[in-house]
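Have a look at the structure below, then the notes.
The values are calculated or read from the model by the stated rules, or taken from the named source; none is laboratory data. In this text, all values refer to a predicted model and were calculated from it rather than measured experimentally. Neighbour counts run over all protein chains shown; Cβ positions are idealised from the backbone, glycine included. SASA here: full protein model, heavy atoms, side chains in, ligands and nucleic acids out. Shrake-Rupley method; radii C 1.70, N 1.55, O 1.52, S 1.80 Å.
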Amino acid sequence: MQLWGHSADSQGRRHALEDHLRGTGHRAAGFAEVFDAAELAGYLGLVHDVGKGTCAWQDGLLRVEGTNNRVGIPHKHAGTWLAEQGGLGVLAGVVFGHHGGLPSLSDLKAELRWAEGAGEASVREAVERVAAVVPEIHASPGLPPWLEQAVAEDPFVVDVLMRMVFSAVVDADYLDTEAHFQGGPRSTHPLRADQLVDRFEKARQAMLADVAPSPVDGLRQEVYAQAVEGALGPMGFYRLPAPTGSGKTLAASGFALHHARAHGLRRVVVAVPYMSITEQNAAIYRGLLDHAGEPPAVLEHHSGVDLDEGTRAGRWQRLAAENWDAPFVVTTTVRLFESLFHCKPAAMRRLHRLAGSVIVLDEVQALPDRLLVPILSMLRTLCERFHVTVLLASATQPEFWQLSPVRELPVHDLVAEPRPLYEQLRRVRYEWWTDPRPTLAEVAERVAAEPAALAVCNTTAQAAELHLLVEKQRESSQQGPVLHLSTRMAAQHRKDTLDHIRALTKRGTPVTVVATQLVEAGVDLDFPVVFRAYATADAMQQAAGRCNRSGHIAQGGRVVVFEPVGGDRGAESIYGAALAVTRRYFGPERADPDDIDALAVYYRERFALTNVEETGKPVQQGRLCFDFPTVKDLFWLIEEHTVPVVVPYGTAEQREQVRDALAALRAGAASADLLRELRPFMAALPRSLVHGKARHLVVPIVGDLVEWIGDYHPQRGIEVSDSKEYVF
């Protein structure tokens, strides 16, 4: 009796079901070995497609062969039933969810009742027919022997184990199926993170030799040396409290690679909050780790990177992004954490690659308060049970160890005494322009009077208005250009503008920039003067990190914190209760935002006021109840108050390509590749604006995506009349 798992490939060869089951099981076991669950994952991979053994499914496969149609007969129940009968409990959901996603426990129980009732005949038929050629489907290994004790210490360990095993099985299933249709398996990456240290150090020395000397070079080297020395410590949680401009990016990656070598770890995953930093850091890492003639080591994976380039490197990146088969991954915190808390196969396929890795979370102050408890809980379990080290890097280290998931855990500080470092690297003087409050026109006058300055606003509307006012002030002068950065500009527009700013400053050409907070938290810009609308302490300090970054101004750069008339609503809508806590501790006659003692008190009070311990409970409860779809719906890092808007930006050729892509979407073409093609030409607008006063300026495309048919300014992007009425 011959059973088939997949239809014929291009050579007319069908995929034997027994080969697919054993191939998937073997791959899944290999993936899960690093987190001590090889037998469990191997068994679930072995039984995942047992349901294909029925006569009905086999006949259906032959019927649709060559048509690109699906068989259309469910095949998940038989393997799910086998896993449950084998004592695997809720982990049987791995099999049931391997196509549609992890189910809730209640749905899993309902499906098992069906398998033992109305579906019993088809389940038994499939099991008996497959057992005749794969008898080991009856040999369940049971649960891992370490699990019982682990659950007693951490009730969330089963949730994480299930996610990791699911990832291993899903990836194994994809790869085994792909190998059949492609005529052989894809190559795995030949390098591991623990093999990259020498390459990194050699390239780092060459890079530093090419950089102009800076007064802070000695302190940067000191931070780097402490990070590398700390890398020899045990696996677990680490913190890198380093002020802006202290070389944190290199220190964090140096720690990660040296730590990987010390502990034989396979991968480094660097996650940052904003795409602009991802692109910036990935370029640095590629320069350090990717060498001509050798396999690329750095995978940049986020929504803005082009994974479909018609080059060998582009193809590698597209394939590697599916399951993070690369030794050094640069991604966004959104992609990392929403994958960890997701339930769908495509999003979770890469998760097993986190086991045996160093996860570097850069700019951790940007993590949302309301999700800190589930995030820290997840990281704790990864550290304790899945051979992971986590490095938390930030110039404004939040007081996470006050929170319940990690309160009693040890944490290693790479900079043992950060206070002297902050004092030595203090490169700015704060000026407070808050009483009386200035008008935005008065702020524009002072910004325009500076030869070079950065002004950071809290909302896109405020930034657009200030940019317009500064432009008017500059009309009669011969000073440098006035540029703009905000989310009302297309992603490619923002990237082009950042490149232009860096080129101007490198040539020594004065430039003034008016922006929203997207320029903060890691964007490598350096201005002698920074104007910052009053915001939370951490946001103000991050803005200050763009001032006198390299320390060339001996008397210190100037950071002017202004609180414009009528600016409260915008700031409060973005920062909420954290803004009220900031007012108690920072400002005139109070502390400056770089006072680390005041910051520690600020974070403790902020976490209490925003009720951090309570806001994460729904997600945690869903995890304890194994309600994976609900957890996915509750866990979202970015509040969905905006709408993606395709805008008319780019060259004539690019605009023509955008028009073609939009026409294809409207005609009903598959959207995934087209949306990826359009992302560089998307901006964001408040949902209330798109469905309110601007509704006559947008045309629906598909889902929430709309096309902007109104004005698009060559610097400010989307122009909306009365825009200052909107807070965003």
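Condition check ((1) within 27 Å of Leu498 (Cβ to Cβ); (2) in contact (Cβ under 8 Å) with a residue 60 or more places away in the chain) across all residues:
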{"site": "Arg687", "(1), (2)": "yes, no"}
{"site": "His691", "(1), (2)": "no, no"}
{"site": "His696", "(1), (2)": "no, no"}
{"site": "Gly717", "(1), (2)": "yes, yes"}
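Rundown of residues vs (1) surrounded by 14 or more Cβ atoms within 10 Å (Cβ to Cβ); (2) farther than 17 Å from Leu161 by Cβ, yes/no style:
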residue	(1), (2)
Val47	yes, yes
His77	yes, yes
Ala92	yes, no
Gly97	yes, no
Ser106	no, yes
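For segment 113-133, the set of residues classified as of a type outside the set (A, V, I, L, M, F, W, C) and open to solvent by 80 Å² or more (accessible area, probe 1.4 Å) consists of Arg113, Glu116, Arg124, Glu128, listed by residue number.
Every residue, every condition in (1) surrounded by 14 or more Cβ atoms within 10 Å (Cβ to Cβ); (2) out of contact with any Cys (no Cβ under 7 Å at 6 or more places or on another chain); (3) closer than 30 Å to Arg380 by Cβ; (4) at pLDDT below 95, yes or no:
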site: Val406; (1), (2), (3), (4): yes, yes, yes, no
site: Leu414; (1), (2), (3), (4): yes, yes, yes, no
site: Tyr422; (1), (2), (3), (4): yes, yes, yes, yes
site: Leu425; (1), (2), (3), (4): yes, yes, no, yes
site: Pro438; (1), (2), (3), (4): yes, yes, no, no
site: Val443; (1), (2), (3), (4): yes, yes, no, no
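Residues in segment 415-465 that are among the small types (Gly, Ala, Ser) and assigned to a loop (DSSP other than H, G, I, E, B) were compared, and the one that is nearest to Phe531 (Cα to Cα) is Ala452. Using the structure shown, decide if Arg679 is assigned to a helix (DSSP H, G or I), buried (at least 17 other Cβ atoms within 10 Å of the Cβ) and modelled with pLDDT of 95 or more. When the stated conditions are applied, Arg679 does not pass them. Here Ser122 clears all of (1) under 36 Å from the mean Cα position of the chain (by Cα); (2) in a helix (DSSP H, G or I); (3) in contact (Cβ under 8 Å) with a residue 40 or more places away in the chain except the condition numbered (1). Checked against (1) at pLDDT below 90; (2) open to solvent by 70 Å² or more (accessible area, probe 1.4 Å), Pro686 passes all but condition (2).
Scanning segment 579-595 for residues that are without any contact (Cβ under 8 Å) to a residue 60 or more places away in the chain and either surrounded by fewer than 20 Cβ atoms within 10 Å (Cβ to Cβ) or closer than 20 Å to Val216 by Cβ (or both) returns Ala580, Arg583, Arg584, Tyr585, Glu589, Arg590, Ala591, Asp595. Considering only residues that are loosely packed, with under 13 Cβ neighbours inside 10 Å and at pLDDT 90 or above, which ones fall in segment 634-658? Answer for segment 634-658, where residues must be loosely packed, with under 13 Cβ neighbours inside 10 Å and at pLDDT 90 or above: Thr651, Ala652, Glu653, Glu656.
Where strands (runs of 3 or more DSSP E) sit wholly within segment 466-578, those with at least 1 residues that are open to solvent by less than 30 Å² (accessible area, probe 1.4 Å), at pLDDT 90 or above and closer than 21 Å to Tyr274 by Cα occupy 482-485, 512-515, 529-533. Among the residues examined, Ala256 qualifies as surrounded by 24 or more Cβ atoms within 10 Å (Cβ to Cβ), more than 21 Å from Asp594 (Cβ to Cβ) and not charged (D, E, K, R).
Conditions (1) under 20 Å from His259 (Cβ atoms); (2) touching a Gly at 6+ places or on another chain (Cβ under 7 Å); (3) outside any loop (DSSP other than H, G, I, E, B), marked per residue:
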site	(1), (2), (3)
Arg186	no, no, no
Pro190	no, no, no
Asp194	yes, yes, yes
Leu208	no, no, yes
Pro213	no, no, no
Ala227	yes, yes, yes
Leu232	yes, no, no
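A single entry from Ala262, Ala271, Ala252 fulfils the requirement of being more than 21 Å from the chain's Cα centre (by Cα), under 19 Å from Thr389 (Cβ atoms) and either assigned to a strand (DSSP E or B) or not basic (Lys, Arg) (or both): Ala262.
Of everything listed in (1) buried (at least 24 other Cβ atoms within 10 Å of the Cβ); (2) outside any strand (DSSP E or B), the single unmet condition for Leu392 is (2). One residue alone among Glu148, Glu136 is part of a helix (DSSP H, G or I), more than 28 Å from the chain's Cα centre (by Cα), touching a residue at least 40 places away in the same chain (Cβ under 8 Å) and surrounded by fewer than 18 Cβ atoms within 10 Å (Cβ to Cβ), and that residue is Glu136.
Being in contact (Cβ under 8 Å) with a residue 24 or more places away in the chain and under 33 Å from the mean Cα position of the chain (by Cα) is a description that does not apply to Ala56.
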